[in-house]
1. Take R65 and tell me if it is crowded, with 18+ Cβ neighbours inside 10 Å and either of a type outside the set (D, E, K, R) or without any contact (Cβ under 8 Å) to a residue 60 or more places away in the chain (or both).
2. Being among the charged types (D, E, K, R) and touching a Ser or Thr at 6+ places or on another chain (Cβ under 6 Å) is true for just one of E47, E19. Which residue is that?
3. Go through the stretch 1-40 and give me each residue that's on the phi > 0 side of the Ramachandran plot and exposed (fewer than 12 other Cβ atoms within 10 Å of the Cβ).
4. Here are the criteria: (1) in contact with a strand residue (DSSP E or B) (Cβ under 6 Å, 6 or more places away or on another chain); (2) farther than 20 Å from I101 by Cβ. Tell me which single one K72 does not satisfy.
5. Quick one: in the stretch 28-41, which of the residues that are acidic (D, E) and out of contact with any strand residue (DSSP E or B) (no Cβ under 7 Å at 6 or more places or on another chain) is nearest to G75 (Cα to Cα)?
6. Filter the stretch 68-109 down to the residues that are closer than 13 Å to E47 by Cβ and surrounded by fewer than 16 Cβ atoms within 10 Å (Cβ to Cβ) and list them by number.
7. For T104, which of the numbered conditions (1) in contact with a Cys (Cβ under 6 Å, 6 or more places away or on another chain); (2) farther than 17 Å from L16 by Cβ; (3) hydroxyl-bearing (S, T, Y) fails to hold?
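Just so it is clear, none of the values below were taken in a lab; they were calculated from the coordinates. The shown structure was predicted, so the numbers you read here are calculated from the model rather than taken from an experiment. Note: ideal-geometry Cβ built from the backbone for every residue, glycine included; neighbour counts use all protein chains shown.
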Amino acid sequence: MKIDISAEEDNLIVSLEGEFDHHYADEFRERVDEELNKGIYKNLILELSKLWFMDSSGLGAILGRYKNLSSKTGGNVKACGLSPQVEKVFELAGLKKLISIYPTLEKTLENRRERRN
């Protein structure tokens, strides 16, 4: 799996490509936590348009980041670009009740800007 990390304002954007399974959950946790621990990000945006598989380890890693971020900063985790397969996994795991889902990264950022105005 490929993990790209970028930022826009107070949003940490993590783009994932490939398969998010137990082989990559620890790397995801470590890299995302390293950035979030800097204390400069309020929101975590997961760009998943190139992710084609996720298992329970990936779900657990995302849920852990959600819990940490919401308890430390009151921030949010958002996801965008979910394939039908990944969206189904989110739904079955109950993540769609916790994490806002958007069709694209642009729509996710646009929603954030509109709420600030």
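1. On the way: crowded, with 18+ Cβ neighbours inside 10 Å: yes; either of a type outside the set (D, E, K, R) or without any contact (Cβ under 8 Å) to a residue 60 or more places away in the chain (or both): yes.
Yes; evaluated as a whole, the condition is true for this residue.
2. On the way: E19 fails: touching a Ser or Thr at 6+ places or on another chain (Cβ under 6 Å).
It is E47.
3. G39
4. Going through (1) in contact with a strand residue (DSSP E or B) (Cβ under 6 Å, 6 or more places away or on another chain); (2) farther than 20 Å from I101 by Cβ one by one, K72 breaks only (1).
5. First pass over the stretch 28-41, keeping only residues acidic (D, E): 30, 33-35.
Still in the list and also out of contact with any strand residue (DSSP E or B) (no Cβ under 7 Å at 6 or more places or on another chain): 30, 33-34.
Working: E30: 19, D33: 14, E34: 16 Å.
Ranking the qualifying residues of the stretch 28-41, first place goes to D33.
6. Selection gives S83, P103, T104, E106, K107.
7. (2)
A quick yes/no check of all residues on (1) touching a helix residue (DSSP H, G or I) at 6+ places or on another chain (Cβ under 7 Å); (2) of a type outside the set (A, V, I, L, M):
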position	(1), (2)
I45	yes, no
S49	no, yes
S57	yes, yes
A61	yes, no
L69	yes, no
Q85	no, yes
L92	no, no
N111	no, yes
